[in-house]
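What follows is a short report on a single structure.
The values are calculated or read from the model by the stated rules, or taken from the named source; none is laboratory data. Just so it is clear, the structure is predicted and the values come from calculations on it, not from any experiment. Every residue, glycine as well, gets a Cβ built from its backbone with ideal geometry; the counts of neighbours run over all protein chains shown. Accessible surface areas use protein heavy atoms only, side chains included; no ligands, DNA or RNA. Shrake-Rupley method; radii C 1.70, N 1.55, O 1.52, S 1.80 Å.
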Amino acid sequence: MKEVFETNFMSYPFPKKTIVIPLLLLIPMWIIFLFQQNGYNLDDCYGVIPRTFVGLKGILLSPLFHSGWKHIISNTFPLAFLSFIALLMYDRLAYYVIFFGWILSGIILWLIGNPPFLDDHVSCHIGASSIVYLLASFIFFSGIIRKERGLMAISLIIILLYGGMIWGMVPQEILPQLKSEVGSNSISWEGHLSGFISGAFFAFLFRKIGPQKETPKWDQENYYDPQADRLWEVYQEQERLRAEYLQSLEEKEDYSDNDFKNISNS
């Protein structure tokens, strides 16, 4: 299993996949948006409508639809950057995270969206922000869990760049002052939270796959170093010679003391 996910950690120059995959994520999103902007109105909701049968299609389609220019632009740059980093650091493992995370975050959103204790109706949730949160969460938690210095440095960068995203997971009903409008629709904090949970889950699930903290050679199982053995033999020989030398000095001292006593008695 691990061989399938072998990766050239931080390979340079950048592999083509780090450019191609982000483009494959962004191009369909922008094509659909430009069609909408040019009069091809898609009246049906193609997003997630929580806990409804018709809303199930949004599990696959919701990240491809956006409500306006501000909405799609705010998702484009983070999605491009985070998918690039994920592919660069985790290689083929990132494919699985994006694919299964896309589905899992949609399922979670379908289950928890518009909770009855906060909303008296369900709405249509669209936008790629769930994938943005998925990737940010996965990259951050993977670096922390794996304890590899390079990955932890990337985790720190994610915190510095996207630490404010945490407020995007807070219900607006709880903190109204954080309310933000994207196009004509309020932000979907449930979509953000769904992506965040999915990213953390896959970071833990795949923690033993991909780049790992390097284990010192001497801590590895069945480690053997012929040079170390030779040095140990040399050390033991030197200790043996040292012990013999010290013993010979003690014998000479004892002999000298005995001679001195004999001379004194005579």
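A few notes on this one:
- Percent accessible area from carbon and sulfur atoms, region 16-206, protein chains only, probe 1.4 Å: 72 percent
- Average Cα contact separation per residue, region 16-206, under 8 Å, 6 or more apart, as relative contact order %: 26 percent
- Accessible area of VAL20 in the full protein assembly, 1.4 Å probe (Å², nearest 10): 70 Å²
- Note on LEU56 and ASP120: their simple-model spin labels are 3.0 nm apart, each label 7 Å out from Cα toward Cβ.
- Peptide packing for 140-149, 62-71 was compared via the average number of neighbouring C-beta atoms within 10 Å per residue; ordered from the highest value, the list is 62-71, 140-149.
- Modelled this way, with points 7 Å down the Cα-to-C-beta line, the labels at TYR40 and ARG207 are 4.5 nm from one another.
- Segment ILE166-PHE100, extension gain: residue separation times 0.36 nm, minus the distance between their alpha carbons: 21.5 nm
- The 1.4 Å probe gives accessible areas that order ASP44, ASP119, largest first, as ASP44, ASP119.
- For the set LYS57/LYS213; LYS70/LYS147; LYS17/LYS57; LYS70/LYS208, the pairs lying more than 32 angstrom apart at their alpha carbons are LYS57/LYS213; LYS70/LYS147; LYS70/LYS208.
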